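Visitor: Please see the structure below; I have some questions.
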Amino acid sequence: MDTDQVRGKWDATKGACPTRQVLGRFGDTWTMLVISTLEKNGELRSGQLKATIEGITQKMLTQTLRQLERDGVVRRTVVPTVPVTVSYTLTPLGLSLAAAVATMRTWAYDHMDEIAAAREEYDANS
């Protein structure tokens, strides 16, 4: 029995299925990098995340963190200091997602040479 049949009411191939939003959210590059970074480093401030994830803009980091907080994957902690200190960490739900992200990352590392070769062959024949 396939996974969709086991899940019953969810079928991501259907346009109205809400799991499409979940797949879209967590399949995003910045989301995967934020989750990986928090899983590797634990609790971090926004500036630390931005410094670690090359190429992410402050706007994209803020949007990604807000979405992850809304989805219950990231916990935002505010410490009333001067200036206010805000840090982020993965929730138990986020830690469970981090395992799936790690699997994807490992797969990419393991197959990058094959993908590069396939792209070269495709481009040479196109």
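Visitor: Go through region 40-49 and give me each residue that's surrounded by fewer than 18 Cβ atoms within 10 Å (Cβ to Cβ) and assigned to a helix (DSSP H, G or I).
Guide: K40, N41, S46, G47, Q48
Visitor: With the requirement that a residue be of a type in the set (K, R) and free of Cβ contacts under 8 Å to residues at least 40 places away in the same chain, what does region 14-42 give you?
Guide: Within region 14-42, K14, R20, K40 meet the criteria.
Visitor: Also, quick follow-up: If a residue has to be within 30 Å of V34 (Cβ to Cβ) and either within 16 Å of the chain's Cα centre (by Cα) or of a type in the set (S, T, Y) (or both) to count, how many in region 102-125 make the cut?
Guide: Within region 102-125, residues that are within 30 Å of V34 (Cβ to Cβ) and either within 16 Å of the chain's Cα centre (by Cα) or of a type in the set (S, T, Y) (or both) number 8.
Visitor: Right, here's the next one. Looking at region 71-126 only, could you name the residues that are surrounded by 15 or more Cβ atoms within 10 Å (Cβ to Cβ), of a type in the set (A, V, I, L, M, F, W, C) and assigned to a helix (DSSP H, G or I)?
Guide: L97, A98, V101, A102 - these are the residues of region 71-126 that are surrounded by 15 or more Cβ atoms within 10 Å (Cβ to Cβ), of a type in the set (A, V, I, L, M, F, W, C) and assigned to a helix (DSSP H, G or I).
Visitor: Scan region 115-126 and report the pairs whose first residue is at positive phi and in contact (Cβ under 8 Å) with a residue 12 or more places away in the chain and whose second residue is surrounded by fewer than 10 Cβ atoms within 10 Å (Cβ to Cβ) and assigned to a helix (DSSP H, G or I), with Cβ atoms within less than 9 Å and a gap of 6+ or a chain change.
Guide: From region 115-126, no pairs qualify.
Visitor: Right, here's the next one. If you check G27 against the conditions, is it under 16 Å from G94 (Cα atoms) and out of contact with any helix residue (DSSP H, G or I) (no Cβ under 7 Å at 6 or more places or on another chain)?
Guide: It is true that G27 is under 16 Å from G94 (Cα atoms) and out of contact with any helix residue (DSSP H, G or I) (no Cβ under 7 Å at 6 or more places or on another chain).
Read-outs: derived from the displayed coordinates by stated rules, not from any lab. Everything quoted here is computed from the prediction, not taken from an experiment. No Cβ is skipped: glycine too gets one built from the backbone with ideal geometry, and neighbour counts run over all protein chains shown.
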